[in-house]
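**Student:** One structure follows; several queries about it will come next.
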Amino acid sequence: MIRPIARILARWACAASVLSILTVSAFVGESHAQADGQRWGFGSDLGLTTGTVNGTVFTLGFNADYHIDRNFSIGPMMQISPMGDLFQIAFAGVGRYHFRLNNGINVVPFSGIGLLHADLDRGTGPGRIDRNDTSWYIPLGVSLEYQAASNIALSSTLLVNLHDISLAPSLSEKDSTSVALLFGFRFKP
């Protein structure tokens, strides 16, 4: 009884720590971005990821972009799925190309490489599954952004995640892809 509660608390503590670090780094990075001539942009997303070992899960996404020029940016991206039986976190370095259309809409294809960790804790008793795995991670996606203001955009992102999660022998199926649909905001220079 105590072990499952401790695992849940550990997951929430991990998620809260990551969110705190991102929040603090966003404010610290903001002062540096102003000194660098407004080159840093930030984003946050909320949505669903399907095709995981636990079916469809709720997902939070965060990213930071350093704009090398007006149309190209690089930076970290994180996806976290903290709900239900599956705790999944992915970090990647991502390159984005910004196609800016005349009507305030931006099409932003992106790709990157990083790591993904999945921890599945399902059930109780003899049939209980408590497995985890870490894998390489390649996010491929495209965002459609609408410029609501000069530096704020509304975003929808379709993302295909390529990875190699194996929770064998507990689960026979291998998790090699998942698809995410996320909606969020982009704060740009």
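**Student:** So which of Ser150, Ser143 ends up being of a type in the set (Ser, Thr, Tyr), more than 26 Å from Gly84 (Cα to Cα) and outside any strand (DSSP E or B)?
**Tutor:** Criteria check complete, one pass: Ser150.
**Student:** Output the residue which, of all residues in segment 90-120 that are small (Gly, Ala, Ser) and in a strand (DSSP E or B), is surrounded by the fewest Cβ atoms within 10 Å (Cβ to Cβ).
**Tutor:** Top of the filtered list is Gly93.
**Student:** With (1) in contact with a Leu (Cβ under 7 Å, 6 or more places away or on another chain); (2) buried (at least 19 other Cβ atoms within 10 Å of the Cβ); (3) farther than 20 Å from Ser73 by Cβ; (4) free of Cβ contacts under 8 Å to residues at least 60 places away in the same chain as the list, and Asp133 as the residue in question, which single condition is left unmet?
**Tutor:** Of everything listed in (1) in contact with a Leu (Cβ under 7 Å, 6 or more places away or on another chain); (2) buried (at least 19 other Cβ atoms within 10 Å of the Cβ); (3) farther than 20 Å from Ser73 by Cβ; (4) free of Cβ contacts under 8 Å to residues at least 60 places away in the same chain, Asp133 misses just condition (2).
**Student:** Counting only residues that are of a type in the set (Ser, Thr, Tyr) and modelled with pLDDT of 90 or more, which one in segment 117-168 is farthest from the chain's Cα centre (by Cα)?
**Tutor:** My answer is Tyr146.
**Student:** Now, a different point. I'm trying to understand the selection: among the residues of segment 121-130, which are among the basic types (Lys, Arg) and either surrounded by 14 or more Cβ atoms within 10 Å (Cβ to Cβ) or in contact (Cβ under 8 Å) with a residue 24 or more places away in the chain (or both)?
**Tutor:** Correct list: Arg122 only.
**Student:** Of Ser178, Ser73, which residue is hydroxyl-bearing (Ser, Thr, Tyr) and over 29 Å from Arg39 (Cα atoms)?
**Tutor:** Selected residue: Ser178, the only one of Ser178, Ser73 that is hydroxyl-bearing (Ser, Thr, Tyr) and over 29 Å from Arg39 (Cα atoms).
The values are calculated or read from the model by the stated rules, or taken from the named source; none is laboratory data. Fair warning: this is a prediction, and the values are worked out from it, not measured in the lab. No Cβ is skipped: glycine too gets one built from the backbone with ideal geometry, and neighbour counts run over all protein chains shown.
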